[in-house]
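The values are calculated or read from the model by the stated rules, or taken from the named source; none is laboratory data. Fair warning: this is a prediction, and the values are worked out from it, not measured in the lab. Ideal geometry is used to build each Cβ from the backbone, glycine not excepted, and the neighbour counts take in all protein chains shown.
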Amino acid sequence: MNGNIGVGVLGIGGYGQQHLSTISTLQEAGICRLAAVADPLAARHAATVVALRSAGVEVYNDAELLLRRDDVQAVFIATPIHLHAPQTVMALQAGKHVYLEKPPCATLRELERMEAAQQQSGTLCAVGFQMQTHPALRFLKRQMVRGAIGQVRRVWSSVRWRRTDAYYNRSLWAGCFRVGGQPVFDGPATNALAHIVHAALFLAGARETEWAEVQRVRGALMRARPIESYDTAYLEAATAGDVQVQLAFTHASPVEEEIVLRCAGDEGVAELNWEGSVTLAPHGQTPQLHRFFHQSAVASTLNFLQCVHAVDTPDAGTISGGAAPDDTGIAGARLATRLGDTRPFLQMVNGALQSSCGIHSFAAAQVERVAADESHGYYQVAGLDAEMKAFGQGSANGLPLLSQNCGGRCLMRQSRRVCRFPQTQPDDGAGSESSH
Ligand SMILES: NC(=O)c1ccc[n+]([C@@H]2O[C@H](COP(=O)([O-])OP(=O)(O)OC[C@H]3O[C@@H](n4cnc5c(N)ncnc54)[C@H](O)[C@@H]3O)[C@@H](O)[C@H]2O)c1
């Protein structure tokens, strides 16, 4: 069935290009129609602008002009993190449905403002954690809820994802803690690997469509690269269901490894490989591998547009995928990630910052800059790769190297500050952003 929902995009560089491509696929399937885009730096993307204009799409420098258009029902926001909260509030107040890129924002305070605006507007706000529509993740969650590995005790992952000068130089906000006074808090847990934090908390949740309730968080945030924010993090959350979620990420590594999330229960273990496979290994049984094929970006966008269609035209039936098979079991029924679903993610990331008492620099003697060429230089930390690998494979609990570097406030010792939830006054740790 034809939805033909009028859509706009804020931010056409970077990941905005992926949205333009996905929207084009879904436009060909008759599901939506791109009416306008806005980007103050649109001129940098001359070929895109020419192509959009020749297709009749209006190109603005100012997001407010796009939001005034009546033919835009839904807006995709793929702008820098510090603009997410103000632009989402503005779009919701203009009566638009919003698909907001992850992370939803940098702080819990911003999330509260956005939720209030969403409740007032009555329109939808989805957050672009596209892995949530992946059938591999949904399959594993279903199996775990049904007890495939018994009572779940631990969900963990360690990811070394090298990020070079080109990544940090692509935009002024990259690696920043604040821009113009607004929190950005850029770093692997907040940005590039945010999907893993959100998915780990989802797997730790007791019900099929719910995330775990975060009760206590400890963390250590470090930097090897001379940036304001962090490039290495250890985060640990204890949930109301008594699951330990432990995550270690770094961009300061020569390695870019595949992402694997591991789960351990009383009666077995399971693995989710980000490429789309699940291994279930109940104790005493031969491990079973399940593979899934999926186009995450298309499925996530489709899930959003199906929900918009259901809200705006409840009597018109559902729109089908056309370009994307609906094998997630959730499309059309519920937004894959609503604003409120991201609270555990923000609690874990903000809580780690509070617990870490700011962001700490590795000792200069431990850090080496490896300059492949002018734009592909990266940093590495002596011993970190081996520690991360051992932690990821389950043979280590925590990252001693990060603990040592936190001014003696050892992560795994009881003396370390623990951040507890719920908090009466959300504290985003902004007062403790930089400590050396
Ligand atoms: N879902 C994913 O897998 C995924 C992948 C990459 C990035 N992202 C997310 O996408 C968002 C953008 O990241 P990026 O790396 O593409 O950033 P970027 O800086 O490379 O691109 C942002 C774009 O927004 C534009 N912009 C800046 N101010 C604007 C304004 N006021 N109005 C409209 N446009 C404006 C910029 O000119 C630029 O074109 C971030 O939230 C990031 O986490 C998501």
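A few remarks follow.
- Within the range 171-193, considering residues that are more than 19 Å from THR250 (Cβ to Cβ) and surrounded by fewer than 23 Cβ atoms within 10 Å (Cβ to Cβ), the one nearest to the ligand (Cβ to nearest atom): SER171
- Residue ID - modelled with the lowest pLDDT, chosen from residues in the range 1-15 that are surrounded by 23 or more Cβ atoms within 10 Å (Cβ to Cβ) and either more than 9 Å from the ligand (Cβ to nearest atom) or of a type in the set (Gly, Ala, Ser) (or both): GLY3
- Within the range 1-57, the set of residues being in contact with a Phe, Trp or Tyr (Cβ under 9 Å, 6 or more places away or on another chain), assigned to a strand (DSSP E or B) and among the small types (Gly, Ala, Ser) comprises GLY8, ALA36, ALA38.
- Residue list for the range 310-346, restricted to those being at pLDDT 95 or above and within 23 Å of LEU20 (Cβ to Cβ): LEU335, ALA336, THR337
- In the set GLN87, GLN73, GLN93, only one residue is away from the ligand (no atom under 14 Å from the Cβ) and touching a strand residue (DSSP E or B) at 6+ places or on another chain (Cβ under 6 Å); that residue is GLN73.
- Hits in the range 40-58 (condition: among the β-branched types (Val, Ile, Thr) and within 11 Å of the ligand (Cβ to nearest atom)): THR48
- Here ALA106 meets each of (1) farther than 16 Å from GLY14 by Cβ; (2) within 14 Å of the ligand (Cβ to nearest atom); (3) assigned to a helix (DSSP H, G or I) with one exception, condition (3).
- Flag for ALA352 being of a type in the set (Gly, Ala, Ser) and either modelled with pLDDT under 95 or assigned to a strand (DSSP E or B) (or both): yes
- Tabulated pairs, the range 373-401, first more than 24 Å from VAL269 (Cβ to Cβ), second among the hydroxyl-bearing types (Ser, Thr, Tyr) and surrounded by fewer than 20 Cβ atoms within 10 Å (Cβ to Cβ), C-beta under 8 angstrom, 6+ apart or interchain: SER375/THR164; HIS376/THR164; GLY377/THR164; TYR378/THR164
- A search for C-beta distances below 7 Å between a residue of the range 19-46 that is more than 22 Å from ARG69 (Cα to Cα) and of a type in the set (S, T, N, Q) and any residue that is part of a helix (DSSP H, G or I) and away from the ligand (no atom under 11 Å from the Cβ), counting only pairs 6+ apart in sequence or on different chains, returns THR25/VAL298.
- Tally, over the range 263-305, of residues that are part of a strand (DSSP E or B) and loosely packed, with under 14 Cβ neighbours inside 10 Å: 3
- Filtered by the rule that a residue be among the aromatic types (Phe, Trp, Tyr) and touching a Ser or Thr at 6+ places or on another chain (Cβ under 8 Å), the range 170-207 gives PHE177, PHE185.
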